[in-house]
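Worksheet: the structure to be examined is printed underneath.
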Amino acid sequence: MAGDALIETFRTYLRDHNLPITAQRMAIAEVVLRSDRHLSAEDVVRETLARGAQVGTATVYRTLEVLVRSGLVVERDFGEGFKRFEPVDGAPRHEHLLCTVCGRVTEFRDDRLDELTRQLAETHGYMRQRHHLVISGVCAQCRDGMPIVESRVRH
C-alpha cells in the first residue's frame, strides 16, 4: 500500500474509532507512513517540524501509539534504548541489520533463514508463528571511516 493510501486508511481508522483528525496527527502520520526508514519518535518530531507543522513530543508519542494500534505501523525494538517505527507496507517478512556506530538499519530477506527458523522450531516441538532477528554490527560506511587500530597481545 502506497503512502497516500496508508494515510487515507489512517484517516478512516480515526473516523471509525471516533478519534479526532487533527492537522498535527495527520502531519505525523504523513512523516511515518511515507518514510522508507525506521524512525525513532525523535526523528518524527524533527521531520514533522522541518515540514512546518508545529507538534510536541507528547503528541508524536500519542500518535505513534494510535498508528501502531491501527496496524499501519509496527514498533521495533533494536535494543538501542528507544523504539523505532516502520510502516506496514505488505512487503514480505524481513530481518534487520543494525549499525552500532551510526544507527543505520538495513532490511534484508533470505529464504534460507525462513526455512531454517521453521526447521529449528519443529526440531524443538514448536510450530513457528513468527520470529524476530536483528544482527548488530558495523556497516561498511562506518568501517571505511574508522581508523585501523592494532591490537597487541601482551605476554
Among (1) 128; (2) 97; (3) 187, only one was calculated for this model; which label is it, if the read-out is volume of the Cα convex hull per residue in Å³? (3)
Quick check: the angle from helix 3-16's long axis to the longest principal axis of the chain, C-alpha only, nearest 10 degrees? 60 degrees
Note down the relative contact order for the chain as a percent, whole number, built from C-alpha pairs under 8 angstrom at least six residues apart. 18 percent
Only Lys, Arg (+1) and Asp, Glu (-1) charged, at Cβ; the chain dipole about Cα centre in debye: 320 debye
Share of accessible surface on carbon and sulfur in the chain, whole %, 1.4 Å probe and ligands ignored, is 51 percent
Residues of the chain: accessible area per residue with a 1.4 Å probe, Å²: 66 Å²
Environment charge at P20 (Cβ cut-off 12 Å; Lys +1, Arg +1, Asp -1, Glu -1): +4
In a Gaussian network model of the chain with springs linking alpha carbons closer than 10 Å, the residue among V66, V101, V88 that fluctuates most is V101
Say the dipole of the chain comes from +1 at the beta carbon of Lys and Arg and -1 at that of Asp and Glu; which of M26, Y126, A53 then lies farthest toward its positive end? A53
Provide the per-residue ³J(HN,Hα) series for the stretch 104-112, in order, calculated from phi with Karplus coefficients 6.51, -1.76, 1.60 and θ = phi - 60°, each as a whole number of Hz, with x at glycine and proline positions. 4, 10, 10, 8, 8, 9, 9, 4, 4
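The values are calculated or read from the model by the stated rules, or taken from the named source; none is laboratory data. These figures come from a predicted structure and were not determined experimentally. For neighbour counting, all protein chains shown are included, and Cβ atoms are generated from backbone atoms with ideal geometry for every residue, glycine included. Only protein heavy atoms, including side chains, enter the accessible area calculation; ligands, DNA and RNA are left aside. Shrake-Rupley method; radii C 1.70, N 1.55, O 1.52, S 1.80 Å.
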